[in-house]
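Since the structure comes first, as structure tokens, the remarks are kept for the end.
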Amino acid sequence: MSSNIRINKICEFCGNDFIAQTIKTRFCSQKCGSKSYKARKRDMTNDVPEETSEGMRSYDLEVLKKQDFFTVMQCCEIFGISRRTIFRMIARNDLDIVKLGRRTLISKESISSLFVVQKPVAEDDENKTIDFDLDGCYTIAQAQAAYNISQSGLYLIMKKYDIKKITSGKYTYVQKKDLDVYLKGIDHE
């Protein structure tokens, strides 16, 4: 149902003159109405006080120092991570927890252990070098032919029994005595 009313108005957003067909019309077009709405919403979010926009409660440090256990939500707010991340850390056993009914509490010691920097342990050069006598070794291809085993099967056995290998140039060598222990008993067809 259209109206025969024609009212000259000024757009509240852009300030242009237009002819309105109802007395409630405030904007000259849909575009000006949308832009005005977005500007109002933007102003509303900018008016929010700074404490609530951070999304984190300010905890008194003295109170936190006295607590031995923290809830999951306290950890989320203190560290600025999600609940899901906390529960992933619990599943990986990175955090020690105590369950009281449905409530999950995290110990202060397990949180502080996350921030301990561990220095890498330097291995001695003596442990790194393995003395291989290449006369007493098979190449991977020779071992496959000798034991009639596939390459993936050979590597699986080497991994399973922690058989050492050494790469020299383009060949990978494995000691015959190590392979003999595990592969002599296999029936080769």
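Regarding region 15-30, can at least one residue be identified that is at pLDDT below 90 and under 23 Å from the mean Cα position of the chain (by Cα)?
no
Does region 154-175 hold any residues that are surrounded by fewer than 16 Cβ atoms within 10 Å (Cβ to Cβ) and hydrophobic (A, V, I, L, M, F, W, C), and which are they?
The answer is Leu156, Ile166.
Need the failing condition index for Glu126 against (1) part of a helix (DSSP H, G or I); (2) at pLDDT 80 or above, just the number.
Among (1) part of a helix (DSSP H, G or I); (2) at pLDDT 80 or above, Glu126 violates only (2).
Pairs please, first residue from region 72-93 and under 12 Å from Ile106 (Cβ atoms), second anywhere and surrounded by 11 or more Cβ atoms within 10 Å (Cβ to Cβ) and aromatic (Phe, Trp, Tyr), Cβ atoms under 9 Å, 6+ apart in sequence or on different chains.
Going by the 9 Å Cβ cut-off, the qualifying pairs are Val72/Phe87; Gln74/Tyr59; Ile78/Tyr59; Ile78/Phe70; Ile86/Phe79.
Just one of (1) under 42 Å from the mean Cα position of the chain (by Cα); (2) at pLDDT below 85 trips up Ile149, so point out which.
If we test Ile149 against (1) under 42 Å from the mean Cα position of the chain (by Cα); (2) at pLDDT below 85, just (2) comes out false.
Condition first: within 17 Å of Leu64 (Cα to Cα), out of contact with any helix residue (DSSP H, G or I) (no Cβ under 6 Å at 6 or more places or on another chain), assigned to a loop (DSSP other than H, G, I, E, B) and at pLDDT 85 or above. Can you find one or more residues in region 77-87 that meet it?
Within region 77-87, one or more residues are within 17 Å of Leu64 (Cα to Cα), out of contact with any helix residue (DSSP H, G or I) (no Cβ under 6 Å at 6 or more places or on another chain), assigned to a loop (DSSP other than H, G, I, E, B) and at pLDDT 85 or above.
The values are calculated or read from the model by the stated rules, or taken from the named source; none is laboratory data. These figures come from a predicted structure and were not determined experimentally. Cβ coordinates were reconstructed from backbone atoms using ideal geometry, including for glycine residues, and neighbour counts include every protein chain displayed.
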